[in-house]
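To start, the structure itself, in structure tokens.
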Amino acid sequence: MINFRPPETRTRPSVGSSSSSVVTAEKALSFISKGWQEVRSSADADLQLIKNRANKFKNIADRELENFINSASISPFAVPAITASTTTAPAEIDFVKKLRPKLSEIRRAYSSSEFKWPSQGKLRIDLSAIKNAIVAEVEEEEEQEKEREREIWRKWRCDRLKEDRHFGEFDWEPIKAFKTRLKELEVELKGSSSSPAEIFEVIKNSEFVGKVKSSLKSICKEPEDAKGVPPLDVPELLAYLVRQSSPFLDQLGIRRDISEKIVESLCSKGHSKLLLNSLPGGGSSLIDGEIMNDELDLRIASVLQSTGHCYDGGFWGDSTKQNLEGDKRHVAIVTTASLPWMTGTAVNPLFRAAYLAKSEKQNVTLLVPWLCKSDQELVYPNQLTFSSPEAQELYIRNWLEERIGFKADFKISFYPGKFSKERRSILPAGDTSQFIPSRDADIAILEEPEHLNWYHHGKRWTDKFNHVVGIVHTNYLEYIKREKNGALQAFFVKHINNWVTRAYCDKVLRLSAATQDLPRSLVCNVHGVNPKFLKIGEKAAADRQSGQKVFSKGAYFLGKMVWAKGYRELIDLLSKHKTEFDGFHLDVFGNGEDAHEVQCTAKRLNLNVNFMKGRDHADDSLHGYKVFINPSISDVLCTATAEALAMGKFVVCADHPSNEFFQAFANCLTYKTPEDFVAKVEKAMSSEPQPLTPEEQYKLSWEAATQRFMKYSDLEKVLSDETSLDRRRRKGMGKSVSMPNLEEMVDGALAFTHNCLTGNEFLRSCTGAIPRTRDYDKQHCNDLHLLPPQVENPIYGW
């Protein structure tokens with residue numbers, strides 16, 4: 001196994017990491033230098049234009065002042081007679097004529113006996129005539145200069161926008177409309193008088209300002225009937241608090257019926273006033289629980305509406321959902337395994353994505369883990385590895401299309417994952433939610449939500465997505481109890497599973513009652529079987545009807561060769577009833593970490609078991625077996641059992657909640673005791689299985705499984721909800737005239753606490769996480785073409 005050194009270590013940095021840091025720093029400095037040079041060149045151009053204008057103004061002022069002095073130098077306070085020989089220009093003569101009265105006034109004022117020089121020794125002469133003359137002369141040139149400057153600025157801005165691709169991705173329609181309105185207002189102002197009073201009148205009466213005022217009035221409009229609704233009294237507030245706290249009180253041992261009686265008692269104390277406040281016309285109603293709750297809701301809603309209060313959504317979560325483009329919804333399926341690992345969490349989510357995409361009512365993305373080559377060698381069978389995600393995606397699609405018979409139009413994406421030898425499973429590295437773009441963050445289906453969120457440190461799923469559904473595949477508590485100190489570990493894992501599923505899921509589906517009872521969960525089998533197995537069963541039934549012998553072999557067992565997958569129960573049953581099974585042969589197919597130990601144990605007990613390498617359940621070599629034996633009680637819903645039933649075989653399995661779905665099939669033989677196991681095996685070996693009925697075939701199909709999933713996950717309701725679709729088109733969720741929900745606040749607090757704890761590497765390592773998996777590593781960056789986590793999520797908030 002290849003050991004990767006993380007990009008950040010606590011020891012001395014290596015030469016390679018130092019060189020990469022230098023390259024990154026040089027790129028950053030180059031980017032900053034380039035931007036500074038552009039700003040500097042633009043500023044230099046602006047300063048040069050200002051300097052040219054100042055010089056031109058200075059030259060004109062000097063010329064006018066020189067003409068003035070030359071004209072007035074003949075006599076200090078008199079204008080000479082104009083003769084034919086005078087060489088002064090007519091404009092200058094007119095200027096001096098206009099200036100003569102001012103000079104006379106200055107002479108009289110200064111020669112007066114009452115005149116006193118200012119204490120500061122400064123003369124304040126009215127030079128407005130000089131100013132007006134200069135401005136009148138340069139006004140036209142100044143306007144032309146401004147137009148040239150505007151043209152230069154527009155050209156530079158267009159060039160900058162073309163270079164920056166970021167601005168090209170957005171449509172600035174609101175800003176364009178705002179600019180258009182401003183231009184219209186500017187035209188109106190140019191056409192009006194230049195006096196301040198008239199300009200103010202034009203602005204006041206403009207259409208643009210009128211629309212702004214009407215919008216502000218609609219926002220700040222006082223709610224109707226605001227003065228007629230009195231505030232909530234203490235019993236009403238206490239009643240609402242107790243009713244919202246009922247889930248929390250239930251956890252403390254206070255039953256829900258007791259909470260309802262407390263609410264009813266508090267409401268009845270002020271019931272007459274509540275009726276007067278909430279019902280128009282002083283009407284009366286019967287005092288019972290439902291009416292009391294309805295009146296309390298109406299009362300609180302009326303008070304909130306009268307105050308104009310709008311609830312934004314919570315203290316812990318981000319209430320704004322992403323604005324998705326188009327009317328087509330998007331479903332993201334996130335799972336914890338991928339082909340070619342033939343496990344339930346790799347196969348079933350793949351079929352779910354294909355059949356959800358088949359309806360073409362929504363876009364579908366399947367997000368699967370990507371393993372580095374060293375982990376691939378540990379997980380994938382027959383030393384099969386992939387050099388790139390594209391190669392693995394091609395393998396997945398070819399495998400799927402060979403079995404479903406149609407081309408599935410959905411997207412496959414990858415997130416970084418690492419294989420844990422201790423847990424024998426794949427754990428995410430980094431924030432898994434970031435690999436679903438925000439524009440596609442609509443509906444999330446988390447396959448194994450507790451597994452995905454044990455060490456999840458990132459965006460809260462229910463904040464990023466509009467609806468989050470979790471599907472529980474694995475009975476983790478059953479596996480953990482088999483380990484050392486299993487009871488103590490199972491206790492902690494049970495509460496952690498409750499914690500993360502409540503914090504990150506809106507709805508949880510459990511495949512069978514064998515799983516842990518989680519918040520907001522219900523039991524429903526939403527899995528089907530590969531259509532290829534149903535075709536094998538149909539062919540077997542047709543061959544049997546034509547008189548051919550279909551099943552020429554006896555019994556077999558197929559599954560990953562680890563003790564927890566039923567091998568312990570199988571060896572115990574066979575060894576305990578060795579005499580009853582004299583002459584009985586069992587073929588076992590499987591690979592796994594415990595293969596050598598399992599085979600040695602069976603050989604030591606001298607059991608008549610033949611071990612062979614694992615293979616696909618649809619392999620031709622398995623078609624001739626008549627009986628599938630599965631004594632496992634750790635499975636949630638065994639896929640191999642469903643496949644065997646679909647092929648028309650007998651299935652002998654334990655009477656356990658994980659097999660409850662299969663007990664309705666005629667070919668399923670369940671046992672309760674070891675003696676019953678022997679009887680059911682003898683019955684299956686001595687008789688022929690019945691062909692599947694059309695109802696049984698449909699019940700096993702993925703079409704039926706998808707229909708059950710759409711119904712019980714509320715996905716059918718969410719996808720058809722027009723109000724939900726309208727809400728998606730807005731930038732964020734509309735504010736709700738409602739009180740904060742205590743249950744939502746508790747869920748947000750749980751998610752916030754979990755996010756803080758999983759951000760600490762020491763705590764992660766103490767609870768069993770793979771070291772340094774809070775962020776993905778350098779190898780994942782190379783394989784998936786990702787930015788380093790320090791750049792993707794910088795701590796200083798770039």
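Assorted remarks:
- Residue that is nearest to VAL368 (Cα to Cα) [pool: residues in segment 392-413 that are in contact with an Asp or Glu (Cβ under 8 Å, 6 or more places away or on another chain) and open to solvent by less than 50 Å² (accessible area, probe 1.4 Å)]: ILE412
- Total residues in segment 345-378 satisfying the condition of being surrounded by 20 or more Cβ atoms within 10 Å (Cβ to Cβ), without any contact (Cβ under 8 Å) to a residue 24 or more places away in the chain and over 23 Å from THR639 (Cα atoms): the figure is 0.
- Verdict on PHE650 being free of Cβ contacts under 8 Å to residues at least 60 places away in the same chain, in contact with a Leu (Cβ under 6 Å, 6 or more places away or on another chain) and closer than 19 Å to VAL529 by Cα: no
- Selection from segment 436-466 of residues that are aromatic (Phe, Trp, Tyr), within 8 Å of the chain's Cα centre (by Cα) and not in a helix (DSSP H, G or I): PHE465
- Residue within segment 396-412 that is in contact with a Gly (Cβ under 9 Å, 6 or more places away or on another chain) and not acidic (Asp, Glu) present: no
- Of the helices (runs of 4 or more DSSP H) that lie entirely inside segment 214-279, those containing 2 or more residues that are modelled with pLDDT under 70 and among the aliphatic types (A, V, I, L, M) span 271-278.
- Residue count for segment 664-714, restricted to those that are of a type in the set (Gly, Ala, Ser), open to solvent by less than 20 Å² (accessible area, probe 1.4 Å) and farther than 27 Å from ALA353 by Cα: 1
- Pair list, Cβ < 8 Å and 6+ apart or interchain, from segment 671-683 residues that are touching a residue at least 60 places away in the same chain (Cβ under 8 Å) to residues that are among the charged types (D, E, K, R): PRO674/LYS576; VAL678/GLU580
Quick grid of which residues meet (1) of a type outside the set (Val, Ile, Thr); (2) open to solvent by less than 20 Å² (accessible area, probe 1.4 Å); (3) farther than 25 Å from GLN697 by Cβ:
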| position | (1), (2), (3) |
| --- | --- |
| ASN525 | yes, yes, no |
| ALA540 | yes, yes, no |
| ASP543 | yes, no, no |
| ALA555 | yes, yes, no |
| TRP563 | yes, no, yes |
| GLY583 | yes, no, yes |
| GLY592 | yes, no, yes |
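- Pairs linking a residue in segment 39-57 that is assigned to a helix (DSSP H, G or I) to a residue that is of a type in the set (Phe, Trp, Tyr), with Cβ atoms under 7 Å and 6 or more positions apart or on different chains, are SER42/TRP156.
- Against the criterion of being surrounded by 17 or more Cβ atoms within 10 Å (Cβ to Cβ) and farther than 15 Å from MET342 by Cβ, LEU573 qualifies.
- Among the criteria (1) closer than 27 Å to TYR476 by Cβ; (2) part of a loop (DSSP other than H, G, I, E, B); (3) open to solvent by less than 20 Å² (accessible area, probe 1.4 Å), the one ALA618 does not fulfil is (1).
- Boolean, PRO381 is in contact with a Phe, Trp or Tyr (Cβ under 9 Å, 6 or more places away or on another chain), in contact (Cβ under 8 Å) with a residue 24 or more places away in the chain and open to solvent by 10 Å² or more (accessible area, probe 1.4 Å): yes
- Sole exception among (1) open to solvent by less than 20 Å² (accessible area, probe 1.4 Å); (2) in contact with a helix residue (DSSP H, G or I) (Cβ under 9 Å, 6 or more places away or on another chain); (3) of a type in the set (A, V, I, L, M, F, W, C) for ALA640, by number: (2)
- Counting the residues of segment 475-523 that are open to solvent by less than 10 Å² (accessible area, probe 1.4 Å), touching a residue at least 40 places away in the same chain (Cβ under 8 Å), farther than 30 Å from LEU700 by Cβ and not aromatic (Phe, Trp, Tyr) gives 2.
- The set of residues from segment 330-344 being surrounded by fewer than 22 Cβ atoms within 10 Å (Cβ to Cβ) and within 17 Å of THR365 (Cβ to Cβ) comprises just one member, LEU339.
- Filter pass, LEU400 being under 30 Å from ARG482 (Cβ atoms), of a type in the set (A, V, I, L, M) and part of a helix (DSSP H, G or I): no
The values are calculated or read from the model by the stated rules, or taken from the named source; none is laboratory data. Since the model is a prediction, treat every value here as computed from it, not as a measurement. Ideal geometry is used to build each Cβ from the backbone, glycine not excepted, and the neighbour counts take in all protein chains shown. Each accessible area value is taken on the protein alone, full model and side chains, heavy atoms only, with ligands, DNA and RNA left out. Shrake-Rupley method; radii C 1.70, N 1.55, O 1.52, S 1.80 Å.
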